[in-house]
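Below: one structure, written as C-alpha cells.
The values are calculated or read from the model by the stated rules, or taken from the named source; none is laboratory data. Just so it is clear, the model here is predicted, and its values are computed rather than measured. Virtual Cβ from ideal backbone geometry, glycine too; neighbours counted across all protein chains shown.
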Amino acid sequence: MDNQLTGEIKDRLAAANKIVIAAHVRPDGDAIGSVLGLGLALRDAGKSVEMVLVDGVPSSFRYLEGSDLIKKEPAGGHDMFITVDCADLKRVGKVFEKFGQPDINIDHHITNEKFGKLNLIEAEEVATAAILTNHLPEWGLSITKPIAAALLTGILTDTLGFRTSNITPEALRQAATLMETGVDMPEIYMKSLVRKTFPAAKYWGAGLSSLESKKGIVWATLSATDRKSTGYSGNDDADLINMVSAIDGNKVGMVFVEQNDNHVKISWRALESGIDVSPIAKHFNGGGHAAAAGADIQGSLSEVKAEVLKKTRELLNL
C-alpha cells in the first residue's frame, strides 16, 4: 500500500466540494456498490455528490438504500471527478467524454490503464468495494449501515458469494467488519446473487438452450431476440455466466450477449487454476482479472462469436 498516495487522496477529498462519481457501463454489483458506498460516505461528510451510472441501476440492486440517488448523467459542474471499478476511461460512457482526466481512479482490475491523476489500483483485492472498505476510515469517512450494505454487495457479487479463487482471509474479515454495522448478509446474498425475476429466469432458459462445448470451452449465446421475447429489460446476461461456469469438464466458460447497436458483450471465466483470461479480453480492448474478464466488440453476433472463439483457443492453446 502506498501511504503517500492514500494520504494525497484524503487531502484531495477533504478539499473538494462538488464531486461526481462514476463507474462502468452495464454496471455489476461491485460498480453499483462502490459508487453508492463512496458517494453516501462523501455526502455524510457534507460534500455535494452526484453518483452516475449511464445505464442506471438494475432492478435487482434497487433494494440498496440510496440507489434512487444514482442518475444516468451528470447534471452540473464539479470540482472533482472520481471513477471506480473501471479498467479504462471509455467504460464510463460517452456522457463523460468532455470531463477529461479523472482526479481519482479507484479500481482492482489488473488490466487498469491508470488513466487518473491519482490511481489507487489494488489488484490483490477481491473487489473495488473491498478497497473502499479498507480506505474510507483512513480518509476520515464513516461506514454507516447503508454504506456497509453497498460495499458488502460489491464484495459478495464480485466473489460469487466467496466462491472465486482469489478469496483471502482478508476478504472475509472485510465482510465481517461490514456485518458489524448491522447489515444482513444472508439477505444481500439472496437478493443480489440468488433471486431472479421471471423475465430473467426465462432469459436464462434461452441461454441454456443455446449451450455449446468444444475443446475445453463451454459457451452460451443470448440474442437480442431472446431478450425481447422474454421481456428481460437489461443489456447483460442476468448472471448466466455464473451458471455456465459451474459446468464440469471445461477449462473456460463464456457468454455472448448481443446488443441492440451491432455490438456483442462477451464474458470469460477461467474454470481451472493456472488459466488467465485477462489477456484475451485485453486483446479485444476489454479487461478484467485472471479468473474473470469481459469485452464489448463491434460486429454481428455470428462474426464476433467465430472470431472470439478462435482467438480464445489460440491464446490459451486449446
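Remark: pairs (first residue in the stretch 154-174, at positive phi; second residue of a type outside the set (Val, Ile, Thr) and part of a loop (DSSP other than H, G, I, E, B); Cβ separation under 7 Å; 6+ apart in sequence or on different chains) are absent.
Scanning the stretch 81-95 for residues that are in a loop (DSSP other than H, G, I, E, B) and on the phi < 0 side of the Ramachandran plot, we see that the one that is surrounded by the fewest Cβ atoms within 10 Å (Cβ to Cβ) is ASP88.
State whether the residues of the stretch 302-309 include one that is of a type in the set (Lys, Arg) and farther than 22 Å from THR197 by Cβ.
yes
Listed by first and then second residue, the pairs linking a residue in the stretch 1-24 that is closer than 19 Å to SER67 by Cα and not assigned by TED's automatic domain parsing to the domain that holds ALA123 to a residue that is at pLDDT 95 or above and surrounded by 12 or more Cβ atoms within 10 Å (Cβ to Cβ), with Cβ atoms under 8 Å apart and 6 or more places separating them unless they lie on different chains, form an empty list. Screening the candidates SER273, SER267, SER213 for the property of being in the same structural domain as ALA293 (by TED's automatic domain parsing), over 21 Å from the mean Cα position of the chain (by Cα) and not in a loop (DSSP other than H, G, I, E, B) yields one hit, SER213.
Which of the residues belonging to the stretch 114-123 are assigned to a loop (DSSP other than H, G, I, E, B) and free of Cβ contacts under 8 Å to residues at least 40 places away in the same chain?
LYS114, PHE115, GLY116, LYS117
Looking at the stretch 299-314, is at least one residue among the aliphatic types (A, V, I, L, M) and outside any helix (DSSP H, G or I)? Reasoning before the result, please.
The initial filter retains those residues of the stretch 299-314 that are among the aliphatic types (A, V, I, L, M), namely 301, 304, 306, 308-309.
Retained after the next criterion (residues that are outside any helix (DSSP H, G or I)): none.
Looking through the stretch 299-314, none of the residues is among the aliphatic types (A, V, I, L, M) and outside any helix (DSSP H, G or I).
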